[in-house]
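The values are calculated or read from the model by the stated rules, or taken from the named source; none is laboratory data. Just so it is clear, the structure is predicted and the values come from calculations on it, not from any experiment. Glycine also receives a Cβ, built like all others from the backbone with ideal geometry; neighbour counts cover every protein chain displayed.
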Amino acid sequence: MRTMLVRVLLAAALLLLLVIAMSWSVGVSVAEPASRGGPQNRLASEASPYLRQHARNPVDWHPWGEEAFAKARAEGKPIFLSVGYATCHWCHVMARESFMDEEIAALLNKHVVSIKVDRERHPEVDQTYMLATELITQSGGWPNSLFLTPDLKPFYAATYIPPADFNDLIVRLAEVWTTERAALEADAERVAAVISRVLGARIAAKSIALAAMAKARDDVLADLDSFNGGLGVAPKFPREPVLLHLLDRAAREGPGKALEAAILTLDHVLAGGINDQLAGGFHRYAVDNAWVIPHFEKMLYNQALMTQALVRAYQVTGAPGYAVGARRTLEFVLAEMTAPDGGFYSALDAESEGREGAYYVWTPEEMRAVLGPDTDLAIKAFGVTKHGNLDGRTVLHRPLPDADLAAAAGLDRAALEAKLNDIVSKLSKARSQRPRPARDEKILSGWNGAMIAAFAEAGRVLEEPRYIAAAATAARFVLAKMGGEADGLKRSFFEGHADLEATQVDHVQMALGLIALFDATGERAWLDQAIRLSRAMIAGFLDEPAGDFFMASSGAGFVRAKQRDDSELASGNAAALELFARLARRDTAPEWRHHADRLAAIQAVLAVASPVANAHALTALTLLVEGEMGPLQFAGKGAVRIGVTRDGGAVLVRLAIAPGWHVNADKPLEDFLIPTRLGLAGGAPAEVAYPKPITRKLSFNGSDMTLYEGDVELRLTPAGATGGAMELKLELQTCSDQICLDPETLTLAVGPVDGGVGR
């Protein structure tokens, strides 16, 4: 039988075993420390909590690096590559079952060079070899388990492997490596060639028709779960880049399918067990269609992006429940994922007490011991049953809307809210006495950038100075400890030390976080730091002939990859397009628009070809073409900052004009000058009160001119009802003493007072 056929059949069998094992074992694995007992191996000194979990394995592990590669080449052995992360449940299972097993360890040590990789510290390695696994097995996940040639090209891949099968697999692959090495190497060459084409090839920039872009936006909703929200079937991920794209469409287009899909998803996620109903914060994904049973780890990036989605849903709808959801998430991050010096930790584990989710689940009896007479209300509110929904216990969720729950309990909404707050407080206090899930305390610059952006945006929109302060503290930490100008931005900080060169994604996410801080504070220093990181990104990662960006400054194994699809965060190149579009509105340098235009031509190709995987590219392209939305905007390449607030039935538009710049008044004295004009979109009637202008002569015009300088305020009062969402159009031209910039028309979105949407 051909070797390839044997491997394909073996891979299929192992995949079937994996499906069966996971269907039996969700949440009930026996969790012991993977490194209990035994002497330490070389992973003990690594700056990775995940690698240290394996420091007492009998496996002769190596970290990713030249020492391991050279050993494989010198000894002519294949490499066993195991990729995972510190809070991964199935990584823990495989560690306990296989990597602590003396017989399996002996086989690995005899036949291969074993390398352990923390995917969160080496995302470029993770991306390359996850694609290999997806190509070979048609699926993927962690732990990611591959066998490579000594030159790092993959010839076999799987995810979790049960110990008996893993034992047999090592023996069989060692035999095939000895007898048919050339065939394996040829297979590896073919897989590597495909990976190189997918991750490293240049995409020809094309002009994409507007109709094709519109179809791509509609195609995002093709796989919508119209009952539970989200895309597709279980396992269900929030897919925050898609959510944020839908909310951006809703802000621009008003009520419609995009808003309905976003609200449907957010309402079910907020009510589900994927949302920690006691402490706040979101688990990574749900294993059921209804978002009730989560995979229990909590990742920093989910908190960041879900906060942004909730804040933007609040802006679009005015529904206070989304603001409450955002606040609960941020308070959770402050309480449980924030280091003493202000940086944000990476994750909380899925396991405690040897079981996945043990910290989070309840029985009626446990609730009764804590709540006494309030137990019946709590059981109804949180869907707790005698038989439970996870191995005889219940993941708390909210099966009833508050209105239905209040009616069933005979309470008004205010009384119900007070009761539930008291119940949550008591249950949280009792739960805090349980053994807690482990925390991964490494600090990643890119993930921190996303969290900084979320805190800054929420603080600005929700008018909460504490959140802006938290964003600023974290930003100062990253810039001081991980982002020195001398040696560049670092990716990871752990136990007092920063290491690893930051990726392109790290640079772009930190820069976007700093821009959000600039928007929230108006402090130019944050924008200057964003510009510094953006230029460092261009210098270190730009593929100049193509116009897009590599993920890392060097290759991961055999390919220097580009991140083109959204992952836990927006794809690095789509995020770079957003970054350049925002910088072009805030800074005078022409380079930002130049890079944005080059990237846009590539991102449009990807977005049209695969809109769900490139949802953030769609959002960034819209931002570049249509401009920013919302109550904070910039004109004159950052010379004019525009903020919008409600004042009773009126809307105040405040212009903060930088020194040395002005805009023309609403009634300029020369016909050729562009007046400042404010009105409702569509020409709806409104009364506008303009400020009194100043009159002066400028160097390029000897005649008197009427101008606005410094801080000025325009007041618009609609003729009709004012409680709903509004779109304002502001026309202005920004000038200095020497030049006038192009006239601009900005769309200023004002959310409803209370949209009444959501639970």
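Just a few scattered comments:
- Region 393-403, subset at pLDDT 95 or above and not in a loop (DSSP other than H, G, I, E, B), residue farthest from the chain's Cα centre (by Cα): ARG393
- Test: residue in region 400-419 that is within 30 Å of THR87 (Cβ to Cβ) and in contact (Cβ under 8 Å) with a residue 40 or more places away in the chain: no
- Residue within region 159-180 that is over 25 Å from VAL93 (Cβ atoms), among the aliphatic types (A, V, I, L, M) and assigned to a helix (DSSP H, G or I) present: yes
- Residue within region 195-204 that is of a type outside the set (Asp, Glu), in a helix (DSSP H, G or I) and without any contact (Cβ under 8 Å) to a residue 60 or more places away in the chain present: yes
- Of the residues in region 641-655, at least one is among the hydroxyl-bearing types (Ser, Thr, Tyr), under 26 Å from GLU523 (Cα atoms) and in contact with a strand residue (DSSP E or B) (Cβ under 7 Å, 6 or more places away or on another chain).
- Meets criteria (among the hydrophobic types (A, V, I, L, M, F, W, C) and surrounded by fewer than 15 Cβ atoms within 10 Å (Cβ to Cβ)) for ALA408: yes
- Residue match in region 464-478 (condition: at pLDDT below 95, within 30 Å of ASP499 (Cβ to Cβ), of a type in the set (Gly, Ala, Ser) and not assigned by TED's automatic domain parsing to the domain that holds THR375): no
- Taken over region 462-482, the residue count meeting the criterion of being surrounded by 24 or more Cβ atoms within 10 Å (Cβ to Cβ) and among the charged types (D, E, K, R) is 0.
- Among the candidates THR695, THR734, THR706, THR717, residue that is polar (S, T, N, Q), within 12 Å of ASN664 (Cα to Cα), in the same structural domain as GLY648 (by TED's automatic domain parsing) and surrounded by fewer than 18 Cβ atoms within 10 Å (Cβ to Cβ): THR695
- Residues in region 660-703 that are among the aromatic types (Phe, Trp, Tyr) and out of contact with any helix residue (DSSP H, G or I) (no Cβ under 9 Å at 6 or more places or on another chain): PHE672, TYR690, PHE700.
- Residue within region 660-672 that is surrounded by 20 or more Cβ atoms within 10 Å (Cβ to Cβ) and either part of a helix (DSSP H, G or I) or among the small types (Gly, Ala, Ser) (or both) present: yes
- ALA279 vs. criteria more than 25 Å from VAL361 (Cβ to Cβ) and in contact with a Phe, Trp or Tyr (Cβ under 6 Å, 6 or more places away or on another chain): no
- Taken as a whole, the condition of being of a type outside the set (Asp, Glu), surrounded by fewer than 17 Cβ atoms within 10 Å (Cβ to Cβ) and farther than 22 Å from VAL59 by Cβ does not apply to ARG172.
- Under the condition of being more than 15 Å from GLU544 (Cα to Cα) and surrounded by fewer than 22 Cβ atoms within 10 Å (Cβ to Cβ), the residues counted in region 592-605 number 2.
- Answer residue from region 223-268, given it is among the β-branched types (Val, Ile, Thr) and over 27 Å from ASN573 (Cβ atoms) and is farthest from the chain's Cα centre (by Cα) among those: VAL233
- Pick from region 422-457, criterion touching a Ser or Thr at 6+ places or on another chain (Cβ under 8 Å) and either assigned to a strand (DSSP E or B) or among the β-branched types (Val, Ile, Thr) (or both), ranking: nearest to GLY343 (Cα to Cα): ILE443
- Region 720-731, subset within 14 Å of VAL651 (Cα to Cα) and not aliphatic (A, V, I, L, M), residue surrounded by the most Cβ atoms within 10 Å (Cβ to Cβ): THR722
- LEU131 within 21 Å of ARG284 (Cα to Cα), part of a helix (DSSP H, G or I) and in contact with a helix residue (DSSP H, G or I) (Cβ under 7 Å, 6 or more places away or on another chain): yes
Conditions (1) touching a Pro at 6+ places or on another chain (Cβ under 6 Å); (2) buried (at least 24 other Cβ atoms within 10 Å of the Cβ), marked per residue:
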site: ALA279; (1), (2): no, no
site: ALA335; (1), (2): no, no
site: PHE344; (1), (2): no, yes
site: GLU353; (1), (2): yes, no
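- Residue within region 285-302 that is among the polar types (S, T, N, Q), assigned to a loop (DSSP other than H, G, I, E, B), in contact with a helix residue (DSSP H, G or I) (Cβ under 7 Å, 6 or more places away or on another chain) and surrounded by fewer than 24 Cβ atoms within 10 Å (Cβ to Cβ) present: no
- Scanning region 634-659 for residues that are in contact with a helix residue (DSSP H, G or I) (Cβ under 8 Å, 6 or more places away or on another chain) and either surrounded by fewer than 21 Cβ atoms within 10 Å (Cβ to Cβ) or at pLDDT below 95 (or both) yields LYS637, GLY638, ALA658.
- Residue in region 459-481 that is closer than 22 Å to SER567 by Cα and part of a helix (DSSP H, G or I) present: no
- Which listed residue, of ARG696, ARG677, is of a type in the set (D, E, K, R) and modelled with pLDDT of 95 or more: ARG677
- Residue within region 75-97 that is at pLDDT 95 or above, hydroxyl-bearing (Ser, Thr, Tyr) and not in a strand (DSSP E or B) present: yes
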